[in-house]
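Structure first, commentary second.
The values are calculated or read from the model by the stated rules, or taken from the named source; none is laboratory data. Keep in mind that what you see is a predicted model, and the values were worked out from it rather than measured. Neighbour counts are summed over all protein chains in view; Cβ atoms, including those assigned to glycine, are modelled from backbone coordinates with ideal geometry. We work out accessible area using only protein heavy atoms, side chains counted, and drop any ligands, DNA or RNA first. Shrake-Rupley method; radii C 1.70, N 1.55, O 1.52, S 1.80 Å.
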Amino acid sequence: MSRQPCVAALVGNPNAGKSALFNALTGARQKIANYPGVTVERKAGRMLLPNGEPVELVDLPGSYGLHATTSPDEEVTRRVVMGEQHGQAQPDVLVIVLDSSNLEQHLVFAQEVLELGRPTVVALNMVDLAERDGLVLDSAALSAALGVPVIPTVAVRRRGLDDLAAAVAAARDAVAEQPVARAHVTLPERRMLAHEMAQGAILSETARHRIHARMDKVLLHPWAGPPILFALLFVVFQAVFSWATPFADGIDAAFSAIGDWVRTELPASLARDLLTDGVIAGVGAVVVFLPQILILFFFILTMEATGYMARAAFLMDRLMAGVGLSGRSFIPLLSSFACAVPGIMSTRSITDPKDRLTTILIAPLMTCSARLPVYAVIIAAFIPNRAVLPGVGLQGLVLFTLYVVGIIGAMVVALILRRSVTKGAASGFIMELPKYQLPTVKDLALGLFQRAWVFLRRAGTMIFTVTVALWLLLNFPRAEPGQDQVNASIAGHIANGLAVVVEPIGFNRDIALALIPAMAAREVAVSSLATTYAVGATDDDQQGRQLGDQLKGRWSLATALAFLAWFVFAPQCMSTIAVTRRETNGWKWPGFMLAYLFGLAYVFAGATYWIAVALGLG
Amino acid sequence: MTLDQLPLGISARIAAVDWDMLVPEEAQRLRALGIDEGAKVKLAYRGVFLGRDPLAIEIGRMTVALRRAHARAMTVDTVPETQAA
């Protein structure tokens, strides 16, 4: 047969279990990309028909209707189903995925899809959960009512998958009907029909166990709910910061070892330095965050898969509403404490575009893990290690204050943005709270692998390019004998120019020089300062300590405090800028983000410096 | 009585919705979720912080979170609990 490969698409309401079904049907053979021009994820994979013929299966975003689309996701689903989506062939077969325990609701959208007259198969998904709730369904009756094959499936237990593949093959070979010409079916009429069909398909309905209702009694309890959420978040934070350390150290050591190996194996040359100092050190600086990102995403994916995420959004909605956001923004902002890159990526679940944009713009204000090395060095060098209260150290208090200033900054900025550049109707919060489910190991593993791959590929290539560029700027033109290389380089000249700008806020030329490579990633500021002060350090710990002594001799306390204030706000991270560009489809918003964050950093560092000087700390 | 005033756990039918009180996209989303005139709903949970916002309502076998501002646009009549919705 020499026809085009057959394309099938999964359509259905959100929470119908489409993604689990998609994973079960395609296995790990998936391709994830964006639809052209929009930040809607296109998930496609290969599924095999009973005769061994491959079919491209597309997992369309969950949607509540074809005609009244309210989000970019729903619009993509509508266009694909109608055959209007650029870069996507119209699916030969549509697979409508229905949640068995929510037929009355899901059949409303199903009717809209069926009226298109395309070859269609219905997957009656999650029949096991419906049975757990005491609901037994008659798929034959439903099939008769809908006029298309209905296959009961349990994606996570791989039940009904072969039958579904066979039904897709049969539907593909059938002749497409003409669209059913039904003039102006109104929504209430559809709902009435959905109700009748759902009732007609029920074989028996007993008193429901409703495990999820009992769990919600505890987890959404006005008094018990929030402490449970905060306890869980505490565990997540601990895990991200402590579990990741051995792995991060291991990756760090591995990259150092590779660098050392290259240094001993290759003759000394500029090319070798580029490889070790530029490529290996630069890529290593990014990959070192992989353990934290994986641990964070493990918790996020688990919370999503179990259905708890929607409850967390519910519990936090009131607080977020105070600054013009909704509960949906809570998880992306939480993720940003580890790293703004996955945080910004996870804003895709926010339906309101203004809400989403605001969340992306304030995400870098959450104190990410890359700021810690910078804070640690400066605090250790300048803040005396003494207790202000029993059990409360001054150093810890300063660190905590830096986190709090970031959070307060984010809230104030959100308030201002929602009244200016991202002005719009006060964002509402309408969200289905899905049923609780046990996550499957396979779906979790697949999700983690995909996140890791996206992170390594996108952030890695970006950092790679930037580090190489910075290395070139620091090494060319070559210094005359006896002249300092940094001073002679292009970067050195830029630093001298920059020093004029940052002197009013208490920064010296060395800081200006450190700020340039720190554009790639904040923590690079530490090693840059170390290089500039030519400390003969052998390992990070020693480097940190000796650098501290050097700093104490060369910086005033006011300068050190201004430097800390700068890093609370400064958008010194190329990966964040790059991911913002990707998620907002252009340079407008990353440009805005750069401008406002640098502006805030400059103002706050300057204010800190001058207040400190006025207090006699200069 | 509007939906936000409904006591917890009492079934009610939405008698009327003042759609003008709602943003069009949100109105559409509520309708898509089946929250419309004639729907049988039950207030299941109230938010925890100041203002007792948001609300979680049960409609059919779904639980849907919405804000009090949305619920205020909906007039409800209580119905006696005869069978499971």
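Points to keep in mind about this one:
- Segment A:Glu265..A:Ile202, full-extension length gain: 15.4 nm, with 0.36 nm per residue of separation and the alpha-carbon distance subtracted.
- In region A:300-321, burial by the other protein chains removes 50 Å² or more of 1.4 Å probe accessible surface, compared with the chain on its own, from A:Phe314, A:Arg318.
- Per residue, the protein assembly as shown exposes an accessible area of 43 Å² to a 1.4 Å probe, with every protein chain left in place.
- For A:Asn34, the residues 5 or more places off, or on other chains, whose built amide H falls under 5 Å of its own are A:Arg42.
- Compared with the dominant principal axis of the Cα atoms in chain A, helix A:72-82 is inclined by about 40°.
- Beta bridge orientation in the protein assembly as shown: antiparallel %, DSSP, nearest 5: 65 percent
- For trypsin sites (Lys or Arg not before Pro), the sites in region A:369-450 that DSSP calls loop and that have at most 12 other Cβ atoms within 10 Å are A:Arg386, A:Lys423.
- Helix-only CD estimate at 222 nm, as mean residue ellipticity for chain A, using -39500 (n - 2.57) per DSSP H run (n ≥ 4): -18000 deg cm²/dmol
- Relative contact order of chain A, defined on C-alpha pairs under 8 angstrom at six or more residues apart (%): 10 percent
- Cα long-axis angle, helix A:371-382 against chain A (0 to 90 degrees, to the nearest 10): 30 degrees
- Region A:47-61-region A:314-356 distance, computed between alpha-carbon centres (Å): 35 Å
- Carbon plus sulfur fraction of accessible area for the protein assembly as shown, probe 1.4 Å, in percent: 63 percent
- Cα shape, region A:280-387, gyration tensor, a/c 1.5 rule: prolate
- For A:Thr120, the residues whose amide H sits under 5 Å from its own are A:Leu94, ignoring neighbours fewer than 5 places away on the same chain, with H placed 1.01 Å from N.
- Given charges at beta-carbon only (K, R positive; D, E negative), |dipole| of region B:3-84 in Debye: 280 debye
- Protein accessible surface hidden between B and A, which excludes ligands and nucleic acids, total in Å², probe 1.4 Å: 3300 Å²
- Here chain A is assigned +1 on the Cβ of each Lys and Arg and -1 on the Cβ of each Asp and Glu. Its dipole about the Cα centre then comes out at about 760 debye.
- Put a plus charge on the Cβ of each Lys and Arg, a minus charge on the Cβ of each Asp and Glu, and nothing anywhere else: the dipole of region A:540-618 about its Cα centre is then about 200 debye.
- Complex-versus-alone comparison for region B:6-45, residues with a loss of 50 Å² or more in accessible area, probe 1.4 Å: B:Gln28, B:Arg29, B:Ala32, B:Leu33, B:Tyr45
- Cα long-axis angle, helix A:394-419 against chain A (0 to 90 degrees, to the nearest 10): 50 degrees
- Cα shape, region B:3-84, gyration tensor, a/c 1.5 rule: oblate
- Once each of the chymotrypsin sites (Phe, Trp or Tyr not before Pro) sitting in a DSSP loop with at most 14 other beta-carbon atoms within 10 Å is removed, chain A keeps A:224-586 as its longest stretch.
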